[in-house]
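K.L.:
This is the structure I have questions about; it appears just below.
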């Protein structure tokens, strides 16, 4: 059976679902001067759209909700109907994610190649899917390391850069990436070791094609 839930399964492993990451009443970027109406949320790949907010989602001036007339969730930039004035606070509540589906699909292709079943991750045998998910998570955290290695203070020039004295995301994600790889290797080998000393390869494999009838010996 094809593995059609692979992307969402990996999202569960790395806690990157549509409601897993919530920023609550967080300050947004750009100046407040009574004229500027364009602002930006800090995180990339925001899930929530401010033009049609539901639940806790929304943009707030001094804790009162305001109307957003346009919103680009890909870049995080949005436009409010009325410019807040100097001295007011502008915050937002929203959900966000680390990765697009296309990125997770790339990690799953890598996991299929690592397991040794080709590049079509949807055909990974059920017994090897736990290993595949952990390996894809390993690749995801590796990607986060490269992203976090960029100095966010230099990128955005704001207060929201990680404080290395309190929290070092690069080291943490490197550690998690290694743990995910070690677990993936163990889960894969637990399946492959059923071959009792033979070269590590899937226990079973399907080969498409026809087999010619062999005439009986006379």
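Only the coordinates and a few stated rules stand behind these numbers; no lab work does. All figures in this text were calculated on a predicted structure; none of them were measured in a lab. Please note: Cβ atoms are built from the backbone with ideal geometry, for glycine as well, and neighbour counts cover all protein chains shown.
K.L.:
For the pair residue 86/residue 119, report the inter-label distance in nm, with labels modelled 7 Å from Cα in the Cβ direction.
P.N.:
Result for the modelled spin labels: 5.8 nm.
K.L.:
Residue 2 versus residue 186, label points 7 Å from Cα toward the beta carbon: distance in nm?
P.N.:
Placing both labels 7 Å beyond Cα along the Cβ direction yields 3.4 nm.
K.L.:
Further question: In Å and on Cα atoms, what radius of gyration and Dmax does the range 62-151 show?
P.N.:
Looking at the range 62-151, its Cα Rg and Dmax stand at 20.2, 60 Å.
K.L.:
If r is the Cβ-Cβ distance from residue 75 to residue 127 and R0 is 41 Å, what FRET efficiency results, to the nearest 0.05?
P.N.:
The value I calculate is 0.50.
K.L.:
Still on this structure, please answer the following. At what distance in nm do the modelled label points of residue 19 and residue 36 sit from each other, each positioned 7 Å from its Cα along Cα→Cβ?
P.N.:
Output for this residue pair reads 3.4 nm.
K.L.:
Along the principal axes of its C-alpha atoms, what lengths does the range 14-95 span, in descending order and rounded to whole Å?
P.N.:
Here the Cα extents, ordered largest to smallest, are 40, 22, 19 Å.
K.L.:
Exposure proxy check: 121, 95 ranked by fewest other beta carbons within 10 Å?
P.N.:
Least crowded to most crowded, the residues run 95, 121.
K.L.:
Take the alpha-carbon centre of the range 83-142, take the same for the range 21-82, and report the distance between them in whole Å.
P.N.:
Taking the Cα centre of the range 21-82 as reference, the centre of the range 83-142 is 25 Å away.
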